[in-house]
1. Of SER230, SER184, SER239, which residue is within 16 Å of the ligand (Cβ to nearest atom) and among the hydroxyl-bearing types (Ser, Thr, Tyr)?
2. Just the residues that are more than 14 Å from the ligand (Cβ to nearest atom) and at pLDDT 90 or above, please, taken from segment 106-131.
3. Counting just the residues of segment 346-362 that are farther than 11 Å from TRP322 by Cβ and touching a Gly at 6+ places or on another chain (Cβ under 8 Å), which one comes out surrounded by the most Cβ atoms within 10 Å (Cβ to Cβ)?
4. For segment 207-253, how many residues meet the condition of being part of a helix (DSSP H, G or I) and over 30 Å from ALA314 (Cα atoms)?
5. Looking at (1) among the hydroxyl-bearing types (Ser, Thr, Tyr); (2) more than 16 Å from the ligand (Cβ to nearest atom); (3) touching a Cys at 6+ places or on another chain (Cβ under 9 Å), can you tell me which one THR261 breaks?
6. Can you name the condition, by its number, that GLU286 falls short on among (1) under 24 Å from GLU440 (Cα atoms); (2) free of Cβ contacts under 8 Å to residues at least 40 places away in the same chain; (3) not in a helix (DSSP H, G or I)?
7. Residue check: is ALA280 within 16 Å of the ligand (Cβ to nearest atom) and crowded, with 19+ Cβ neighbours inside 10 Å?
8. Return the residues of segment 309-352 that are part of a loop (DSSP other than H, G, I, E, B) and within 29 Å of VAL398 (Cβ to Cβ); say none if nothing qualifies.
Amino acid sequence: MSAPATDSPEAPGGLPLLGHALRLRDDPIGWFESLRAVGDVVRIRIGPQRAYVITSTAVAHELFVAKYRSFDKGVAVEHFRDVFGQGLLSSDGETHRLHRLLLQPAFHRERLAEYLTIMREQVAEHTRSWRAGQILDARIAMTAITLGVVARAITSAPVADELAAEVQQRLPRMLELSYRRAMSPLPVLNRLPLPRNREWRELVARLHPLVDRVIADYRRDDTRRGDLLSMMLAAREGSNALSDSVIHDQIVTFLLAGTETTATGLTWLFVLLSEHPEVADRVVGELREVLGERPIEPADLVRLPYTTRVIDEALRHSPPIWLITRRAVEDVTLGGHLVPEGASVLLSPYLTGHDPELIDDPDAFDPDRWERVGNSLRQAALPFGGGPRKCIGDTFAVTEITVVLSEVLRRWRIRVAPGAVVTPEAGMTYFPKGMRFVVEGRE
Ligand code: HEM
């Protein structure tokens, strides 16, 4: 017989009415770290809502795998359902299961050869104008590449350029507003006629017709092109196929879920490699030894073990997605503690990736630790989440990061620009704010 469920301890310092909302807003990661000492599952209050913060890696796996059926994606996702609709990120239950099944083949390893070509072309296009001594804003430079890649992976039609340009222009503000909506202590605030809600609706309203045009263009010209859109239009499971409106939602989801995240991962890599030039030199050594001067090919991906360790370590050390949320759809226990139906659960890949019980000196950036103790690291480092809701684009993202590093680092030395003050900031992503870098030619 299992032990009876117990109440979880409450986080100290809750204020009347606001609860812990200010702690969550001001320094969420530092505050989460402090909750390790309180317990594995810690009760907090965000305004009138109760939520539970998971601080233990073992309990994170319980949530992702053993008990995933007892949770849906929860309130945070509901705040931006008007953008993602029934896309993979925000759908639940049977709808999610079926769509994931239909979409999974588009992300199979065999598809990567085509995506890798797009990735190489986009890196070339967006770095062609770089000159030695130039200073670049990392967010703008990296998002231009990652948006170009996702837009072209979705459609090889010329409208991909327009789609990427439109999203690039609106993305920073959309993400900022999304985060504020998701963190709102009172969800009703998101429905009031406030200027920021109006701006949000306008941004969303501009994006939707463009995505509809992308699909309509395709319907007119049905030449199969082997891109994501043609795969989605062809996807079938028995009598089930994806409707245009669901395909629309998936396109918006891929555009928003696949660009800022990967750009953030790349930006962190540039920061970390600039701080650890000896690691950057070893990566360049490996790239030159395996590739010489030629462009990277799909078969090379498994021949770059050190570069892969560096990417794994950066995603563990500074995970772009620092917060994952769920909501209990029934009374359930996590780590032996009761989580009542309707309660939100918050889990941070930053906390698991810095778990002092599984990782020695977790704040150090040490790619070689993956060779020494890879298994326990893989348990704790969950930059792509886990279980049936794990990121569908994980291999796509790691491939893209490898392609960017291989094409950029062999030509350029990247350094944090003189005078740039880089500060980690937990918003929609965990991002090194202020990261500008200077490119210097490598001999
Ligand atoms: C370094 C880059 C990336 C990171 C760190 C990342 C992280 C994540 C995480 C943590 C989740 C799980 C969220 C949860 O459990 O609530 C997720 C889900 C998802 N990601 Fe990514 N992602 C990245 C790149 C991408 C790319 C390139 C794409 C698409 C082209 C993508 C598409 C998605 C989708 C569609 C989901 C929802 C999957 C589902 O629920 O079935 N992501 N991502």
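The values are calculated or read from the model by the stated rules, or taken from the named source; none is laboratory data. Since we're looking at a predicted model, the values are computed, not measured. Heads up, the Cβs are rebuilt from the backbone with ideal geometry, glycines too, and the neighbour counts pull from every protein chain shown.
1. Exactly one of SER230, SER184, SER239 is within 16 Å of the ligand (Cβ to nearest atom) and among the hydroxyl-bearing types (Ser, Thr, Tyr), namely SER230.
2. THR117, ARG120, GLU121, VAL123, ALA124, GLU125, HIS126, THR127, ARG128, SER129, TRP130, ARG131
3. Checked segment 346-362; the qualifying residue surrounded by the most Cβ atoms within 10 Å (Cβ to Cβ) is ILE359.
4. Matching residues across segment 207-253 total 26.
5. The single condition THR261 does not satisfy is (2).
6. (3)
7. When the stated conditions are applied, ALA280 does not pass them.
8. Residues satisfying the conditions are SER318, PRO319, PRO320, ILE321, TRP322, LEU323, SER348.
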